[in-house]
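Participant: What follows is a single structure, and I will ask about it in a moment.
The values are calculated or read from the model by the stated rules, or taken from the named source; none is laboratory data. In this text the structure is predicted, and so the values were computed from the model without any measurement. Note that we place each Cβ from the backbone using ideal geometry, even for glycine, and neighbour counts take in every protein chain shown.
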Amino acid sequence: MLRIGVIGLGNIAQKAYLPTMAAMQDEYEWHLTTRNQTKGQALASRYGFTHLHQTLDELIAVHPAAVFVHTPTATHPAIIQTLLNAGIHVYVDKPVATDPAVVRDLYGLAAEKNLLLTCGFNRRFAPFNVALKAIPDKQQITAEKMRVHAQQESVAALWDLMIHPLDTALWLADGDAQTTAVHVRADHAGNLQQAYYTADTGECRVSAITNMDAAANLEEITVQAAGSRQRSIDLMQLQTQTSGGSTLQHRPDWEKVLDTRGFAPLTRAFLDAVAKDGPNPVSPESAIASHDACAELVAALQ
C-alpha cells in the first residue's frame, strides 16, 4: 500500500481534502503532518487516520510516495524543493508560488527528477466544467468570479481568487492564448475591486473577470460556439442554449460537494498518476501559463 503524506491541516485541507482521503484509507496509507499536535490528533481521531508527524523531516523519513502540500503559499517553494529532492511526488494548492521564475524552476526540477508536481486547479475537474471543455470549435470563453463587498489586499486577492477564473478560462481554450489586455482596479486602501484579463487563441477570445464589489457571490463560466451557448453556474448548474431552446441541468442531489467542485476527482487523478506512473493531471505547461497570466495582472497594479 502506497504511503501518502499530507502537510498542513488548515482550512483548505479540512474542507477540501481530508474527507476524500479518509474514504480512501483502504487504498493508501495516510500520514498527516502538522506542528499543532492537538489539531493533528483531533483530525486523526475524527477521520480515523493513524499516522501523525510534526515536521517535514519526520514525514520524509517514512518515505511517502507523494505528499499533498496545504501550507501557506510563502512556504511552498522550500517544501516542494525539499520533497522533490527526496524523490517524492508533490501535489500543492494553488498557486505553486507567486514568482513565475520560481514556478518554472520547480517544474524544471520535477522534470529533472521524473516526478509529478501537480497544482490544485480543482475547477478543471468539476463535472460541468469538464462538459464545457468538450465543446468543439469554441468562439468565446468568459469566466467570472464575484464577491459581495469583499475586502482583500490586491496582490493576495489576485493569487487567491482571480487565479481560479483565469486558469479555468485558459484551460478551456483550445490552443495557446496570447494576452491582449489586462486591467486591475484597487481602492484607496489597496484592496482589490475588479480585475480583467483577455487573451486570444486566434480562434477564440478568452476573458477572465473578478469583481470584489458585486451584488452577489457567484461563479459563472460561459462558452459560446457556433451552435450553442453553455454556462456553468456555481459549478452546480449547466444551462444550454441553442436555436431549439434552452435547458438547465443540475448536479445530482446525492453527489458529494467535493465531487461537484472537482476536489475529489483531482485528488483521485493525482493518486492514480502516482500509483500507475501516469501523466500529470494538471500539465506543467498549462499551470505555468496560468501563473504567468496572474503575474501579468499583478504587474498591472504597479
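Participant: List every residue pair whose Cβ atoms sit under 9 Å apart, with the two residues 6 or more apart in sequence or on different chains, where the first one lies in the stretch 26-55 and is more than 12 Å from residue 14 (Cα to Cα) and the second, anywhere, is of a type in the set (Ser, Thr, Tyr) and buried (at least 19 other Cβ atoms within 10 Å of the Cβ).
Facilitator: Taking only residues 6 or more apart or on different chains, the pairs are 52/33; 52/34; 53/33; 53/34; 54/33; 54/34; 55/33.
Participant: Go through (1) more than 23 Å from residue 293 (Cα to Cα); (2) in contact with a His (Cβ under 8 Å, 6 or more places away or on another chain); (3) free of Cβ contacts under 8 Å to residues at least 60 places away in the same chain for residue 92 and report which single condition fails.
Facilitator: (1) is the only condition that residue 92 fails.
Participant: Oh, and also: For the stretch 156-202, what are the residues that are of a type in the set (Asp, Glu) and surrounded by fewer than 24 Cβ atoms within 10 Å (Cβ to Cβ)?
Facilitator: If we filter the stretch 156-202 for residues that are of a type in the set (Asp, Glu), which is where we start, we get 160, 167, 174, 176, 187, 200.
Within the stretch 156-202, 160, 174, 176, 187, 200 meet the criteria.
Participant: Of the residues 215, 264, only one is more than 27 Å from residue 92 (Cβ to Cβ) and touching a residue at least 60 places away in the same chain (Cβ under 8 Å); which?
Facilitator: Values: 264 fails: more than 27 Å from residue 92 (Cβ to Cβ).
Exactly one residue qualifies, and that residue is 215.
Participant: Taking the stretch 1-25 on its own, how many of its residues are farther than 19 Å from residue 261 by Cβ and either aliphatic (A, V, I, L, M) or free of Cβ contacts under 8 Å to residues at least 12 places away in the same chain (or both)?
Facilitator: 5
Participant: Under 9 Å between Cβ atoms, at least 6 apart or on separate chains: pull out the pairs that start in the stretch 122-147 with a residue that is free of Cβ contacts under 8 Å to residues at least 24 places away in the same chain and in the same structural domain as residue 199 (by TED's automatic domain parsing) and end on any residue that is surrounded by 19 or more Cβ atoms within 10 Å (Cβ to Cβ) and assigned to a helix (DSSP H, G or I).
Facilitator: Listed by first residue and then by second, the contacts come to 130/124; 130/265.
Participant: Condition test on residue 66, is it touching a His at 6+ places or on another chain (Cβ under 6 Å) and either touching a residue at least 24 places away in the same chain (Cβ under 8 Å) or among the small types (Gly, Ala, Ser) (or both)? Can you show your working first?
Facilitator: Working: touching a His at 6+ places or on another chain (Cβ under 6 Å): yes; either touching a residue at least 24 places away in the same chain (Cβ under 8 Å) or among the small types (Gly, Ala, Ser) (or both): yes.
Against the criterion (touching a His at 6+ places or on another chain (Cβ under 6 Å) and either touching a residue at least 24 places away in the same chain (Cβ under 8 Å) or among the small types (Gly, Ala, Ser) (or both)), residue 66 qualifies.
Participant: Picking from 220, 296, 285, which residue would you name as being touching an Asp or Glu at 6+ places or on another chain (Cβ under 6 Å) and either part of a loop (DSSP other than H, G, I, E, B) or of a type outside the set (S, T, N, Q) (or both)?
Facilitator: Details: 296 fails: touching an Asp or Glu at 6+ places or on another chain (Cβ under 6 Å); 285 fails: touching an Asp or Glu at 6+ places or on another chain (Cβ under 6 Å).
After ruling out the rest, the residue left standing is 220.
Participant: With respect to residue 206, is the statement that it is buried (at least 17 other Cβ atoms within 10 Å of the Cβ) and farther than 16 Å from residue 135 by Cα true?
Facilitator: Judged against the criteria, residue 206 is not a match.
Participant: Tell me, please, whether a residue that is in a helix (DSSP H, G or I) and of a type in the set (Val, Ile, Thr) can be found in the stretch 186-206. Spell out the reasoning first.
Facilitator: Just the residues of the stretch 186-206 that are in a helix (DSSP H, G or I), to begin with: none.
Looking through the stretch 186-206, none of the residues is in a helix (DSSP H, G or I) and of a type in the set (Val, Ile, Thr).
Participant: Just the residues that are at pLDDT below 95 and among the polar types (S, T, N, Q), please, taken from the stretch 218-240.
Facilitator: Once the filter is applied, which keeps residues that are at pLDDT below 95 and among the polar types (S, T, N, Q), the stretch 218-240 yields only 228.
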